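*Asks:* The structure under discussion is supplied below as structure tokens; questions concerning it will follow.
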Amino acid sequence: MYYDYFAGGAGDEVTLRANEASLARLALVPRILRGSARRELGVTLLGTRASMPVLVAPTAFHRIAAPDGERATVRAVAAADTIMIVSMASTVAVEDIAAEAPGAKLWFQLYIQPDRGFTEAIIRRAEAAGCTALVITVDSPALGRRERDDRNDFHELPDGMRCENLRIGDAPGDVRQITMSPEISWDHIAWLREITDLPIVLKGVLHREDARLAAEAGVAGLLVSNHGGRQLDTVPATIDVLPEIVDAAGGLPVLMDGGIRRGTDVLKALALGASAVALGRPVVWGLAAEGEQGVKGVLERIRDEVDHALVQCGCASVRDLDRSFVRCHP
Ligand SMILES: Cc1cc2nc3c(=O)[nH]c(=O)nc-3n(C[C@H](O)[C@H](O)[C@H](O)COP(=O)(O)O)c2cc1C
Ligand SMILES: CCCCC(=O)C(=O)O
């Protein structure tokens, strides 16, 4: 049941498969004879430095995967010196995640709740915990239809676990449910810009017109995402819309997630204009397999693969990549 929750997607899982398949259809075209002894993998995103262009995407319910849950994840992410986007649906409170690894670089993912006062209170907690950006998930005006969860009847957390960022008291039942609000609109983004100084990233952009509107709305960045194929099924693979979103985003930094499994996938996304990518399921698998060590293993392996792919492509820096390094082969 829990494996299916983590692995699964919406509907027929067409988009879930497409994310990896579209990346696999792209070929990398390396350059030759441009030797350099060392590669620079680091990037600065909205003022936060990451040691590699690979972030940890927000994923819910880490305590289902490992007893320590998000505490184990954050220790591994801090050791890798990259950014963890903390899910609003984490099973450890954002304050406790921050306290577990002082100096960890945290962004906070938010589902805007219909109750603005409650939404604002959550943002204040994320700010106080030291999160340096807000990632607003905008692809979920309703929860995706995940048939694996329906078949397994997985609709609530095991006893003793809850969404700690939505607690309103100390008793086990003192917690609100996350609402996927069909009413969220650009007005909410304008409101968020009024109430917080944190840079705002919109997560779940797939339409180029929305990229243009986002730039106009004064957000700080975009995350091209289809929620790992878990929201509306049959939407495009993220790598396939990335170039047009980059073109429409008016110079805003554009991140991407969905189907990134190898260093070569990271290079393809960067070559097509992403400033960085994020990993969803691979982090959960590392966590489920070996806790903190497992997440460390996933992050160090992909770092090594990015470095290796860069050297093979004749690049000294992630900034050396451009669209000429990628071809589509059918
Ligand atoms: C188990 C699971 C839980 C997720 N929970 C959240 C969440 O709480 N908030 C959110 O914005 N996205 C969530 N996502 C989507 C991820 O942030 C990300 O977009 C997606 O996993 C990337 O694709 P990948 O798993 O192929 O790397 C979740 C994804 C998975 C697989
Ligand atoms: C209510 C939590 C939703 C988590 C989520 O976004 C996902 O499972 O994809």
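Just so it is clear, none of the values below were taken in a lab; they were calculated from the coordinates. Please read these numbers as outputs of a predicted model, since none were measured by experiment. Positions of Cβ are generated from backbone atoms using ideal geometry, with glycine treated the same way; all protein chains shown enter the neighbour counts.
*Asks:* At a Förster distance of 35 Å, what's the computed FRET efficiency of R145 paired with R34, Cβ-Cβ distance as r, to 0.05?
*Replies:* Values: r = 48 Å, r/R0 = 1.38.
In this case the efficiency is close to 0.15.
*Asks:* Ok, one more. Starting from the Cα of K296, draw a straight line to each of the aspartates and glutamates and keep only those under 18 Å, dropping any in the same chain fewer than 8 residues away.
*Replies:* Result set, ordered by chain and number: D68, E70, D81, E100, D304, E305, D307.
*Asks:* Antiparallel versus total DSSP beta bridges in the chain: what percent is that, nearest 5?
*Replies:* Taking every DSSP beta bridge with both residues in the chain, the antiparallel ones total about 20 percent.
*Asks:* Restricting to Cα atoms and excluding each atom paired with itself, what does the Kirkwood estimate give for the range 1-130 in Å?
*Replies:* Numbers: mean 1/r = 0.0576 Å⁻¹.
Every distinct Cα pair counted, the radius reaches 17.4 Å.
*Asks:* OK, next. Based on the Cβ-Cβ distance of S317 and R176, what FRET efficiency does E = 1/(1 + (r/R0)^6) give at R0 = 56 Å, to the nearest 0.05?
*Replies:* Working: r = 45 Å, r/R0 = 0.81.
According to the calculation, E is roughly 0.80.
*Asks:* A follow-up question, please. Report D for the chain in µm² per second (integer): Stokes-Einstein, Kirkwood Rh on Cα pairs, 10 °C, 1.306 mPa s.
*Replies:* Approximately 80 µm²/s, per Stokes-Einstein.
*Asks:* Mind giving me the nanometre distance, one decimal, between the label points for H188 and M161, set 7 Å out from Cα along Cα→Cβ?
*Replies:* 2.5 nm
*Asks:* If all Cα-Cα distances of the range 159-291 are sorted into 10 Å bins from 0 onward, what percent lands in each bin, rounded to whole numbers?
*Replies:* Spelled out per bin, shortest first, that is 11, 32, 33, 19, 4.
*Asks:* Right, next: With the cut-off at 1.5 for a/c, could you classify the range 1-67 from its C-alpha gyration tensor as rounded, prolate or oblate? Spell out each step's value before the answer.
*Replies:* Values: a/c = 2.99, a/b = 1.50, b/c = 1.99.
Oblate, since a/c reaches 1.5 and b/c is not below a/b.
*Asks:* What full-extension length gain, to one decimal in nm, is calculated for D96 and E127 as 0.36 nm per residue of separation minus the Cα-Cα distance?
*Replies:* Gain on extension, D96 to E127, equals 9.8 nm.
*Asks:* Something else: Full-extension gain between E120 and Y3, please, as 0.36 nm times their residue separation minus the C-alpha to C-alpha distance.
*Replies:* Taking E120 through Y3 to full extension adds about 38.8 nm, to one decimal.
*Asks:* Another question, if that's okay. Report, in cubic angstrom per residue, the convex hull volume of the C-alpha atoms of the range 164-234. Could the numbers behind the result be given before it?
*Replies:* Numbers: hull volume 9.8 nm³, N = 71.
Hull volume normalised by residue count: 138 Å³.
*Asks:* Of the chain, which part is the longest with no GluC sites (Glu not before Pro) in a loop (DSSP not H, G, I, E, B) and with at most 11 other C-beta atoms within 10 angstrom?
*Replies:* So the longest stretch without any such site is 1-155.
*Asks:* Out of the range 1-92, which trypsin sites (Lys or Arg not before Pro) are coil in DSSP terms and have no more than 13 other C-beta atoms within 10 Å?
*Replies:* R31, R34, R38
*Asks:* Nearest 500 deg cm²/dmol is fine: what mean residue ellipticity at 222 nm does the chain get from its DSSP H runs of n ≥ 4 alone, each adding -39,500 (n - 2.57), divided by its residue count?
*Replies:* Computed mean residue ellipticity for the chain: -12000 deg cm²/dmol.
*Asks:* Let a ≥ b ≥ c be the square roots of the eigenvalues of the Cα gyration tensor of the range 225-330; is it rounded (a/c under 1.5), or, if not, prolate (a/b larger than b/c) or oblate?
*Replies:* oblate
*Asks:* Where does the Debye-calculated log10 I(q)/I(0) of the range 206-268 sit at q = 0.14, 0.17, 0.27 Å⁻¹, using only Cα point scatterers of equal weight, no solvent?
*Replies:* -0.39, -0.57, -1.16
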